Each structure stands twice: as structure tokens, then as C-alpha cells.
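The values are calculated or read from the model by the stated rules, or taken from the named source; none is laboratory data. A quick note: this is a predicted structure, and the numbers were derived from the prediction, not measured. Neighbour counts run over all protein chains shown; Cβ positions are idealised from the backbone, glycine included.
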Amino acid sequence: QQNYAEALELFQQSLKLKEIYLPQDHPSMAINYHNIANILCLQENYTNCLDYYVRAHQIRERYLPPNDTDIADSLYNIGFTYDQLNQPTRALEHLKKA
């Protein structure tokens, strides 16, 4: 647990720096959003986790080709998180797209 808190803090610091120097939808931001979401999911903070996965996915959709594996990864993670939030219909919708 302690390592999760430290990792989350470091990813958030990195995100703050990127927010200063990069546009909000820069592809590099998606990496931070994705990493923050991963930590939040490991901490079972699924509501906040979902928000960061969605942000990462929106950026990836904008910059990557439609069949890129990072887009599929984002959709899978969103679907998994909806499942953890007991929203099976939304989970299945995203998992099918992945």
C-alpha cells in the first residue's frame, strides 16, 4: 500500500509538470492518466480510476490509429472498471469494443 501511495504521488507530480509545459491533450498526458488510473484501481478507488482511464482513452482516440493496441487497452480497462463498479452493461459495451 505504501508503494502505491508513493507511486501515485510521483505520477501526479509528473502530470503537474506536463500540464505546465504541454497542451492538455498531448499524447504524453495519456500515459500519466493511464498510470494514475492503474494505481487507483489497485487501491480499489474505481470511481476516480474510471475518470483517469476515460481521459487517457480520449487522448489516445484523438492521436492514434483506430486499431492501435493502446486504444484496445484503454477500452478494456474502462470495461474492467465498469465491471468493478457493478455496471455490467457498460462494462460489456467497452469490452466488446476492445
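Odds and ends about this structure:
- Meets criteria (under 13 Å from the mean Cα position of the chain (by Cα) and farther than 22 Å from residue 85 by Cβ) for residue 32: yes
- Positions within the range 38-78 being polar (S, T, N, Q), farther than 21 Å from residue 3 by Cα and either in contact with a strand residue (DSSP E or B) (Cβ under 6 Å, 6 or more places away or on another chain) or surrounded by fewer than 19 Cβ atoms within 10 Å (Cβ to Cβ) (or both), in sequence order: 58, 67, 69
- Residue satisfying condition, being polar (S, T, N, Q) and modelled with pLDDT under 95, within set 13, 58, 24, 84: 24
- Evaluating residue 80 against the criteria (1) within 12 Å of the chain's Cα centre (by Cα); (2) within 26 Å of residue 16 (Cα to Cα) leaves one unmet condition, (2).
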